[in-house]
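Okay, structure first, notes after.
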Amino acid sequence: MTLQAVLYDASGDDRAIELDAGETVRFDRDRLLWIDLDDRDIGDLAQAAAAVGLEREGLRRLSREDRRSRLLRLPERVVLTLGAVDAEDPDARRHELDIVVGANHVITAHDGPLAAIDAFRAEIDQEDQLGRLDAAAFTAGLIDAVLTAFFRQTESIEREIDALDELAVRARADDLFLARVLTLRRRIARLRRILAPNREALLPLERPDFELRADLGPVWPGIVPRLERAIDGLENARELLVGSFDLYLGRASQRTNDVMKALTLLSAVALPGVVVAGVMGMNFKAPIFDNPDNFLVVIGAMIAFSLAVLGVARFRHWV
């Protein structure tokens, strides 16, 4: 279903309604109308607009994707355009959500199903006093559901970063680690590009001049702080990712040091034997060459020198 309309009554008599073309729905202080469209079909938009008497500029805003968060103030209502994501989408694709807020009515429009809207609908499904809310309070719940999806995305990223920390110290996992770091870095950047511009739509709600729209109800003061916390959460996730990369670099440096230590120790152990063999191979006559059994003595000396080097290295805790 692309269009769903629910009329919430303060008496608890909430019901889904059918919107007839050109017909205006009656709602008042004790009734709140919510129209949700998951497709920007021009016919459905026209029905929704007629039901609440939406201005032409508002209808024009709903009929197209703007790819930009903003606030439009009309004579009798406001239109919020927000960037949203699905909490379980690993690609963090942007969904545009338009919210029309008028006196005792709210319209939401988006392309395709939006998990945040579905979660909000499920959350309020058993509440029978929604008709007592004004449009601003109801919209605050919608916006909070949108921001909650960003918090869940951040939690998912932090869990993946925890797994990255274990991968960073594992041997022979360089390619996999770097690929995951790149994926998470792009995901965090994409989420921030979607979330941060929502300031342009939500910050004006706290300006003193917005108090002139008292017919919509008081704006919940927690919206902007919650937005800022969501942005801070993404910043913190990015810092955690940098920390994981620093851990990986430290582990790589340690592995390099271990290799150099092994090569240095091998050279040091072999050096006495190389020196002795070089000296004994010089073209000169000495009594030691007259006895063939002295060959074993020389080999023994080489081994003794090598063991001595290993002993010193062990005593100094180099190995």
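The values are calculated or read from the model by the stated rules, or taken from the named source; none is laboratory data. The structure presented is a predicted model; accordingly, all values stated were derived computationally and were not measured. Cβ coordinates were reconstructed from backbone atoms using ideal geometry, including for glycine residues, and neighbour counts include every protein chain displayed. To get the accessible areas, we keep the full protein, side chains included, count just its heavy atoms, and leave off ligands, DNA and RNA. Shrake-Rupley method; radii C 1.70, N 1.55, O 1.52, S 1.80 Å.
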**Request:** Filter the stretch 85-109 down to residues that are among the small types (G, A, S) and within 12 Å of the chain's Cα centre (by Cα), then give me how many there are.
**Result:** 2
**Request:** Could you grab me the full set of residues in the stretch 158-189 that are within 13 Å of L240 (Cα to Cα) and among the charged types (D, E, K, R)?
**Result:** E158, R159, E160, D162, D165, R185
**Complete:** All-but-one check, L247 against (1) without any contact (Cβ under 8 Å) to a residue 40 or more places away in the chain; (2) open to solvent by 40 Å² or more (accessible area, probe 1.4 Å); (3) assigned to a helix (DSSP H, G or I), failing number (1)
**Request:** Kindly check whether there is at least one residue in the stretch 132-142 that is open to solvent by less than 20 Å² (accessible area, probe 1.4 Å) and modelled with pLDDT under 90.
**Result:** yes
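Going through D165, D125 one at a time, which residue ends up being more than 13 Å from the chain's Cα centre (by Cα), of a type in the set (D, E) and open to solvent by less than 70 Å² (accessible area, probe 1.4 Å)?
Matching residue, one of D165, D125: D165.
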**Subset of the stretch 1-38 (residues that are surrounded by 16 or more Cβ atoms within 10 Å (Cβ to Cβ) and part of a loop (DSSP other than H, G, I, E, B))** = A10, D14, L19, V25, F27, D38
**Fill in**
Of the residues in the stretch 50-64, those that are buried (at least 20 other Cβ atoms within 10 Å of the Cβ) and among the aliphatic types (A, V, I, L, M) come to A51, V52, L54, L62
**Message:** Exactly one of these conditions fails for R180: (1) buried (at least 17 other Cβ atoms within 10 Å of the Cβ); (2) in contact (Cβ under 8 Å) with a residue 40 or more places away in the chain; (3) farther than 30 Å from L80 by Cα. Give me its number.
**Reply:** (2)
**Asked** Within the group D165, D128, D144, D209, which residue is among the charged types (D, E, K, R) and not in a helix (DSSP H, G or I)?
**Response** D128
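Of A277, A230, which residue is open to solvent by less than 70 Å² (accessible area, probe 1.4 Å) and within 25 Å of the chain's Cα centre (by Cα)?
Working: A277 fails: within 25 Å of the chain's Cα centre (by Cα).
Going through A277, A230 in turn, the sole match is A230.
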